[in-house]
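Trainee: Can you read through this structure? Questions will come right after.
The values are calculated or read from the model by the stated rules, or taken from the named source; none is laboratory data. All of these numbers come straight from a predicted model, not from anything done at the bench. Glycine gets a Cβ as well: all are built from the backbone with ideal geometry, and neighbour counts include every protein chain shown. In case anyone asks, the SASA skips ligands and DNA or RNA and just uses the protein heavy atoms, side chains included. Shrake-Rupley method; radii C 1.70, N 1.55, O 1.52, S 1.80 Å.
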Amino acid sequence: EQAVIGMLFPSEVGNLSGASFVARDAANYVNVVVAREDQATVVTDLENKIAGLRAMGPYPGIPPSVIAAYETQLADARRLLTTYTTLVNEPDRQILVFDAKSGAYAELTGTIGPGTRNVGVICPGTTTNMGTILGNVAKYSTFVEAAPPDELAMITWMGGGLPQTIFPEALSDSYSRNLGPLLSSFSKDVRMETGALTAGSTAHLTVAGHSYGGAVVGIAETYGLDADRVMHVESAGMGNDVGSINDYRPVNPDVRRYSMTAPGDPIAHVQGADIGSLGHGADPDLMEGVTRLYTGNYEDGTPVEGTSAHGGVFNARSDSWQNMYEVFTGGTVQVRPPDTVTNTRYGPITAPSTAAPTPLDIP
């Protein structure tokens with residue numbers, strides 16, 4: 001009956017706070033079908049536009065840059081159409097948020113039911129959009145695939161547009177200011193849904209943010225995020241204007257916070273930077289009350305470090321991936337030892353410690 005209501009009133013129910021996830025999913029399937037038809041028209045129009053420009057020939061002539069601009073638009077439009085086509089062709093996907101206009105999307109992987117012990121919500125970062133989001137879903141689904149049945153369900157959450165460039169968009173707090181309150185509200189929906197479907201069990205909720213998504217999570221905490229665990233993964237910061245955990249308003253006063261940043265990840269250069277609306281608050285690895293996690297090595301034994309580690313931390317079976325899995329499932333994490341500080345005549349030099357990580361059980 002809830003699914004029928006969703007299908008009958010898709011625009012009202014698809015993103016309605018308080019509506020069951022069954023109703024949302026049914027509504028959003030209808031919304032995706034409509035969006036796919038609209039997007040197919042956009043692609044056809046651009047194809048015809050480009051063909052018409054090319055047919056004009058050398059006189060009066062169309063500058064190649066004009067055609068190139070339209071071809072870029074066409075490539076983006078086709079990626080978006082591919083996403084919608086995939087969603088239409090795979091109706092078993094569980095779509096909890098969908099808004100083609102604002103670029104909002106959330107998908108549940110796994111099942112929230114009577115035996116569910118943990119639910120994770122993760123917000124991705126810069127360059128993520130509706131045309132690429134399914135890659136994030138697949139990446140985060142590896143945690144569910146590795147877990148025993150009913151152990152973990154994961155939600156990939158993108159409540160609206162994220163920055164598409166590092167400079168200047170990702171430096172601005174505007175996206176996190178827009179998305180933070182939405183994530184705070186969504187966390188309460190997840191808590192309500194989980195409580196209803198698990199008959200009020202003690203299923204744990206973890207909310208994580210990767211890269212710019214960490215800034216979103218930080219702002220969400222200032223609006224009263226509902227979580228048992230919060231995790232910052234290669235995070236831009238703890239939220240613009242946030243200097244300590246005292247700036248947060250957690251629904252759960254016993255929430256535990258974790259962070260990880262691989263050595264050599266360039267994002268470390270902006271962590272802790274905050275000038276007006278630029279920057280994203282305190283460094284998550286240095287904030288008191290946050291447990292810093294070990295990133296270690298990839299499965300082949302090479303270190304998780306450098307520029308590639310910004311996304312490489314999600315490589316399945318790496319030490320960084322394993323640590324995230326342990327946070328999502330409430331296992332045993334490996335805590336990164338404090339950095340080594342060497343005083344020189346030019347000032348202190350900080351380097352990752354060579355000491356072994358310390359195991360820590362998560363309640």
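Trainee: Principal axes first, then extents: for the Cα atoms of region 198-350, list largest minus smallest coordinate on each axis, whole Å, largest first.
Mentor: If we take the Cα atoms of region 198-350, the spans are 59, 42, 23 Å.
Trainee: Same structure again: Along each principal axis of its Cα atoms, how long is region 91-188 end to end? Whole angstroms, biggest number first, please.
Mentor: The Cα atoms of region 91-188 stretch 44, 25, 24 Å along their principal axes.
Trainee: Right, something else. With the contact rule set at Cα under 8 Å and sequence spacing of 6 or more, what percent relative contact order holds for the chain?
Mentor: Worked out over the chain, it gives 11 percent.
Trainee: For region 166-249, report the accessible area per residue in Å² (1.4 Å probe, heavy atoms, rounded to an integer).
Mentor: Roughly 33 Å² per residue, with all protein chains present.
Trainee: Write down the Kirkwood hydrodynamic radius of region 53-119, to one decimal in angstroms, obtained as one divided by the mean of 1/r over all alpha carbon pairs.
Mentor: After inverting the mean inverse Cα-Cα distance, the result is 15.7 Å.
Trainee: With a probe of 1.4 Å, find how much accessible area region 291-363 has per residue, and write the answer as a whole number in Å².
Mentor: The answer is 54 Å² per residue.
Trainee: For region 237-273 and region 94-164, compute the distance between their C-alpha centroids and round to whole Å.
Mentor: 21 Å
Trainee: Based on alpha-carbon positions alone, could you give the equivalent ellipsoid semi-axes of region 305-363 from the gyration tensor, as √(5λ), descending, whole Å?
Mentor: 27, 16, 7
Trainee: Another question, if that's okay. Which residue, Leu46, Leu171, Leu197, tops the fluctuation ranking in a GNM of the chain built on C-alpha contacts under 10 Å?
Mentor: The residue that fluctuates most here is Leu46.
Trainee: In the chain, what percentage of the DSSP-assigned beta bridges are antiparallel, given to the nearest 5?
Mentor: 50 percent
Trainee: While we're on this one: Provide the FRET efficiency to the nearest 0.05 for the Lys49-Thr111 pair, computing r from the beta carbons and using R0 = 45 Å.
Mentor: Result of the calculation: an efficiency of 0.50.
Trainee: Work out how much length Thr132 to Leu286 would gain on full extension: take 0.36 nm times their residue separation and subtract the Cα-Cα distance, in nm to one decimal.
Mentor: Between Thr132 and Leu286, full extension yields 52.3 nm more.
Trainee: So which residue, out of Val270, Val233, Val119, gets the largest mean-square fluctuation from a GNM of the chain using Cα contacts under 10 Å as springs?
Mentor: Val270
Trainee: If I build a Gaussian network model for the chain, linking alpha-carbon pairs within less than 10 angstrom, which residue out of Gly110, Gly312, Gly276 has the largest mean-square fluctuation?
Mentor: For the chain, modelled as a Gaussian network with Cα springs under 10 Å, the answer is Gly276.
Trainee: While we're here: With the full set of protein chains in place, find how many percent of the accessible area of the chain is carbon and sulfur; take the probe as 1.4 Å.
Mentor: Reported share for carbon and sulfur atoms: 57 percent.
Trainee: When only alpha-carbon atoms are used, what values of Rg and Dmax, in angstrom, describe the chain?
Mentor: Reported Rg and Dmax, both Å: 21.9, 73.
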